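Working notes, structure below.
The values are calculated or read from the model by the stated rules, or taken from the named source; none is laboratory data. Not measured: the values here are computed from a predicted model. Here Cβ is always computed from backbone atoms with ideal geometry, including for glycine, and neighbour counts include all displayed protein chains. Ligands, DNA and RNA are stripped out before the accessible areas are found, and what is left, the full protein with its side chains, is counted by its heavy atoms. Shrake-Rupley method; radii C 1.70, N 1.55, O 1.52, S 1.80 Å.
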Amino acid sequence: MRTVIFRTVAPYLTSLMVLFSIFVLLRGHNEPGGGFIGGLIAASAFAIYGIACGVAPVRRAIYFHPMAISAFGLFMSSIAGMISLPLSVPFMTGNWMQLSFFGVDIDLSSVLIFDIGVYFVVVGAITSIALALEERDRD
Amino acid sequence: MAATSSHSVDLSQAMNVDPTPLADWLVVMPVVWCLLAGAILLMLRKRTELQASIGIVALVGLCLLDAALLWRVLEEGPFTMVMGRWLPPFGIAFTVDLLGAFFTMTSGLVALAAGIFGRDDVDSTGRRYGFYPFLLLLMAGVSGAFLTGDVFNLYVWFEVLLISSFGLLVLGSEREQIDGATKYAFLNLVGTTLFLVATGYLYGLFGTLNMADILIKAPELRQTAPLMTLVCLYLLAFAMKAAAFPVNFWLPASYHTPKLVVSGLFGGLLTKIGIYALLRVLVMLFPIERAELGWVIAVLAAGTMLLGVLGALAQNDTRRAVGFLVISGIGMMLAGIALGSPSGLAGAILYAAHSMVVMTAIYFAAGIGGRVSGSFLLSRSGGIYPSHLVLAFATLALFLSMAGLPPFSGLWPKVMLVKAALDVGEWWLAGAILVTGFLTTITVGRIWALAYWKPRAADAEPLDPASQKVPMTSVIGLGMLTVLTVVFGLWPEPLIAISQDAARGLIDTSSFVLSVFPGEVPQ
């Protein structure tokens, strides 16, 4: 798969897909999208980069081990549920907070933290599997 | 969306607006705690020197949470937390009653023992593969299954513990482990799929998955809905999980392959989850259908216990023999479920708790014994008794506890089960329990005599002196569980009282329903 065209295009494609995955993640609360689908898009971006340029550059690029990313996501999602504890509401309640940012109101919520956690879980887990399969390919 | 829209909404129609007391968090904390600790351990997977200490501290924390939960349930009865403030049955409910709290506590202790035992038993390769993260995530699944009050959520926790158990099973990736794991994974997936199919069917019939809601709707639906089909599907699915006859063949095919600490955890905990699910779904949710199926379960129970013990008697490998003994114990618990009377259920519950502790301990003991004598094969090991007196006697105590001889904890649930069977005139079931007990005594006596008591053959190859020394952590892990079985054999009253209360809670479900729907008139 290491044709010149593919190798040249892959980095741009990957960065575009990662950007798009973040867009999909953030629009997910009210529109189609969210952590899971965003995570899948990001994972396929890393898989494409891996197919084009080899597994080692991907591992270098994401710096952390995919499993650690996945674990971080799980941690983040659990913490998002725990935010309810000091607010005297049950576990996993969506808690909202409004920030005014240069005159623009932004709604921040524990649901968002949970969804970002899901994003990391999916990115980590699927990338881990994809990279392992791509590594086996050349043995 | 945020409650900032221009028109005001009456939240109390859909949401629980009362502040949640801190004590209610106890019902989710065992699960959340395990998830958090598991995630941290997974992030620090490469720091193998830290894994054991963090893991053991987390498991101690889990035991404390479980103890607080059990204490609260003993004081105040069942309580519920519905996720996300939604009112039941729309939010997912975690409802804990005495049965759930008791099993959570026992499983926490077993996991702690496994964590301590694994410190030296699992080498740094095993730790890099993630022994402690998997252990904590497994416990998240196990605790979640015991604490949830929602049938689909029960399925989700089954999946969580199943995925973690796959990881633990292939720790080390040896050839025979992969072989065992394939059989285990395939057959468990079949069981889980059946569970999912049955749950889909349940939802189609009831339009709800909340256990308390099902309890309220069942009497009305029973007139028209084919609940018997549903219950048969559940029976098959959970019997497969519990390794009951005739769907037990996956257990002896896989449980001897992983590291002994993992086998111990599986033998102690995983099959009991199947029993717990049977108690929860068949006994609590569908008691009338269960009573109809009573004779089927009784036949399965007798088949399971006898087949298990006969299988164990025929083995030459200690680990395989213990695997069959696990199956035999499942038969005992099924006998209690088949009887369905409060005393029978209490016997089954107490036997499950006893079996969690003792089966795990027996696997640990077999592991140490195998290492000390250089082989797991009865024909080639021997001579442990003179050099490791304490180990030999601890193992004997566990074996006798397994066989149900006094003064160990195995005696009491068997007495309760036999008495419950005789009370309703099921002579043959009581007979099967007693015959199984007798055969178990022969089996464990044979293992002990051959592997521990018999002098080592003169022509056997010399033992590696390094393997003769038993690490302190193994002694603590094994000792903890052995002390539990001895103490509760000598002083069983509190546990018997708890199991009887738990059994009553399964039959009279009004306090369970009231904890979810406070306004509901109990039926």
(request) Specify whether the C-alpha gyration tensor of region A:4-137 places it in the rounded, prolate or oblate class, a ≥ b ≥ c being the square roots of the eigenvalues: rounded for a/c under 1.5, otherwise prolate if a/b is larger than b/c and oblate if not. (result) prolate
(request) Determine ³J(HN,Hα), in whole Hz, for all residues of region B:395-402 in sequence, where each value follows from phi through the Karplus function 6.51 cos²θ - 1.76 cosθ + 1.60 and θ = phi - 60°; x replaces Gly and Pro. (result) 4, 4, 4, 5, 4, 5, 5, 4
(request) From other protein chains only, count the Cβ atoms within 10 Å of every residue's Cβ in B:11-20, then give the mean. (result) 2
(request) Please give the helix B:493-507 orientation as an angle from the longest Cα principal axis of chain B, in degrees from 0 to 90, rounded to the nearest 10. (result) 40 degrees
(message) Just to verify a number: FRET efficiency for residue B:508 and residue B:49, C-beta to C-beta distance, R0 = 45 Å, to 0.05?
(response) 0.30
(request) Note the angle between two axes, namely the Cα long axis of helix A:35-53 and the longest principal axis of the Cα atoms of chain A, as a number of degrees from 0 to 90, rounded to the nearest 10. (result) 20 degrees
(message) I need the phi-derived Karplus couplings for region A:94-100: 6.51 cos²θ - 1.76 cosθ + 1.60, θ = phi - 60°, integer Hz, Gly and Pro marked x.
(response) x, 10, 10, 8, 10, 10, 9
(request) Please report, to two decimal places, log10 I(q)/I(0) for region B:1-100 at q = 0.16, 0.19, 0.21 Å⁻¹ as given by the Debye formula with identical point scatterers on the Cα atoms and no solvent. (result) -0.82, -0.96, -1.05
(message) What are the ³J(HN,Hα) couplings of region A:14-29, residue after residue, when phi is run through the Karplus curve with 6.51, -1.76, 1.60 and θ = phi - 60°? Round to Hz, x for glycine and proline.
(response) 4, 5, 4, 5, 5, 4, 5, 5, 5, 4, 5, 4, 6, 7, x, 5
(request) Collect residues whose amide H, placed 1.01 Å from N in the peptide plane, falls under 5 Å from the amide H of residue B:79; neighbours closer than 5 in sequence don't count. (result) B:96
(request) Using R₀ = 41 Å, calculate the FRET efficiency as 1/(1 + (r/R₀)^6) where r is the Cβ-Cβ separation of residue B:193 and residue A:85; round to 0.05. (result) 0.70
(request) Give the Cα extents of region B:321-401 along the principal axes, in whole Å, largest first. (result) 47, 22, 14
(request) Work through the residues other than residue B:255 whose Cβ is under 9 Å from its Cβ and net out their charges, Lys, Arg +1 and Asp, Glu -1. (result) +2
(message) Keeping all protein chains in place and using 1.4 angstrom, which order do A:3, B:360 fall into by accessible surface area, from largest down?
(response) A:3, B:360
(request) Using only Cα atoms, tell me the angle between helix B:211-221 and the longest principal axis of chain B; keep it within 0 to 90° and round to the nearest 10. (result) 60 degrees
(message) What whole-number volume per residue, in cubic angstrom, does the convex hull of the C-alpha atoms of the protein assembly as shown give?
(response) 168 Å³
(request) State, in angstrom, two size descriptors of chain B derived from its alpha carbons: Rg to one decimal place and Dmax to the nearest whole number. (result) 22.8, 90
(message) Please give me the summed charge of the neighbours of residue B:93: other residues whose Cβ is under 10 Å from its Cβ, Lys and Arg +1, Asp and Glu -1.
(response) -2
(request) Could you work out which residue, out of A:11, A:32, A:86, moves most in a Gaussian network model of chain A, that is, has the largest mean-square fluctuation with Cα springs under 10 Å? (result) A:86
(message) Cut-off under 24 Å on the C-alpha distance; same-chain residues fewer than 8 positions from residue B:259 excluded. Which lysines are left, in chain and number order?
(response) B:46, B:183, B:241, B:272, B:469
(request) Amide H neighbours of residue B:317 under 5 Å, at least 5 residues apart or on other chains, H built in the peptide plane: list them. (result) B:378
(message) I want to check the label-to-label distance for residue A:133 and residue B:476. Put each point 7 Å from Cα in the C-beta direction and report it in nm to one decimal.
(response) 4.3 nm
(request) Using amide H atoms built 1.01 Å from N in the peptide plane, name the residues 5+ places from residue B:86, or on other chains, whose amide H lies under 5 Å from its own. (result) B:16
(message) How shielded is B:41-48 by partner chains, expressed as the average number of their Cβ atoms within 10 Å of its Cβ atoms?
(response) 4
